[in-house]
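The values are calculated or read from the model by the stated rules, or taken from the named source; none is laboratory data. Owing to the predicted nature of the structure, the values given are computational and were not obtained by experimental measurement. Reconstructed Cβ throughout: ideal geometry from the backbone, glycine too, with neighbour counts over all protein chains shown. These accessible areas exclude ligands, DNA and RNA; they are computed on the full protein's heavy atoms, side chains included. Shrake-Rupley method; radii C 1.70, N 1.55, O 1.52, S 1.80 Å.
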Amino acid sequence: MSFFDLKNKKCNFNTPEFAEFLNFANKFPDDEPVDVVMEDELEAEYAEGKGIFYATDFRNIWEYAKLKQYIFRDDVELVGCPNNLGKNMAAVSTTTFGVNSKTEHADVIYDLIRELMTSDKESSGGFSTVKPKFEEELREATGEISDSNTNAQTYDPLSGKDVKLEPLSEEDIKKFYDYAVSINTNVGYDMQVSDIILEEASAFFKGKKTAEQVGDIIQNRISNYIAENS
């Protein structure tokens with residue numbers, strides 16, 4: 001169940017599912033010492049077969065290759081974030097632009113948007129949003145890898161050496177492509193909504209209110225917030 005649906009201007013916090021979520025979160029300790037673990041130390045744990053789930057993002061296809069070849073050292077399944085919908089809850093991290101509807105330079109804005117959606121230039125911070133270019137980026141990972149391709153250079157957490165990744169198979173590329181294009185969720189964060197949930201949920205975690213009572217309060221406050229800002 002989706003608890004916050006801005007598109008349809010509604011929320012679902014006064015539900016058994018949200019109460020279940022609060023009760024699950026309440027099983028964790030209030031305070032727990034956190035050991036500082038370096039990234040290469042963490043990757044070594046997975047490379048030694050001690051890890052099951054691994055949270056990551058992909059800014060290029062070589063990060064997927066590294067996950068297979070030097071972190072898990074085996075085939076991997078991409079499953080997205082845990083949820084009770086039985087869906088792929090991975091998300092695309094995007095940049096959002098706002099344009100004043102009264103701008104006198106609409107033609108310039110449209111030219112910029114057209115350029116962003118059709119350009120075949122390399123993206124510096126992630127995959128191209130242009131489908132043919134995205135597909136080209138994936139295909140390049142199946143061929144011979146140039147020594148000048150810095151994206152294909154990585155660190156082996158077990159040997160402690162810098163290594164060059166191996167080309168991916170056509171099957172690997174199809175698997176990644178099918179998964180990527182199936183994602184229909186964007187990363188979004190509303191500080192006001194988050195603050196309301198944290199503020200009200202604290203009463204449940206302190207034993208002052210039930211999960212159901214907290215859900216009703218959150219539902220009311222966020223419903224008002226959506227109405228006031230729609």
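See the values below:
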read-out	value
Phi-based couplings in Hz for region 79-92 (Karplus 6.51, -1.76, 1.60; Gly and Pro marked x)	10, x, 7, x, 7, 9, 9, x, 10, 6, 9, 6, 9, 9
Full-extension gain in nm, residue 225 to residue 122, via 0.36 nm per residue minus C-alpha separation	33.1 nm
Cα centroid of region 175-219 to Cα centroid of region 45-68, whole Å	26
Cα shape, region 1-124, gyration tensor, a/c 1.5 rule	oblate
Residue-level accessible surface for residue 223, protein heavy atoms, 1.4 Å, Å²	40
Residues in region 43-79 that a label on residue 163 would reach, taking backbone N under 15 Å of a point 7 Å out along Cα→Cβ	43-49, 63-75
Under the Karplus curve 6.51 cos²θ - 1.76 cosθ + 1.60, θ = phi - 60°, whole-Hz ³J(HN,Hα) for region 44-53, x wherever Gly or Pro sits	5, 4, 5, 4, 8, x, 9, x, 10, 9
For residue 10, residues with placed amide H under 5 Å, excluding near neighbours	5
Listed values [x] 50; [y] 42; [z] 54, entry calculated as percent of Cα pairs over 27 Å apart	[z]
Overall form of region 45-94 per C-alpha gyration tensor (a/c, 1.5; a/b vs b/c)	oblate
Set 10/174; 50/206; 9/175; 133/161; 50/164; 121/161 screened for pairs whose C-alpha atoms are more than 29 Å apart	10/174; 50/206; 9/175; 133/161; 121/161
For residue 155, distant residues with modelled amide H under 5 Å away	163
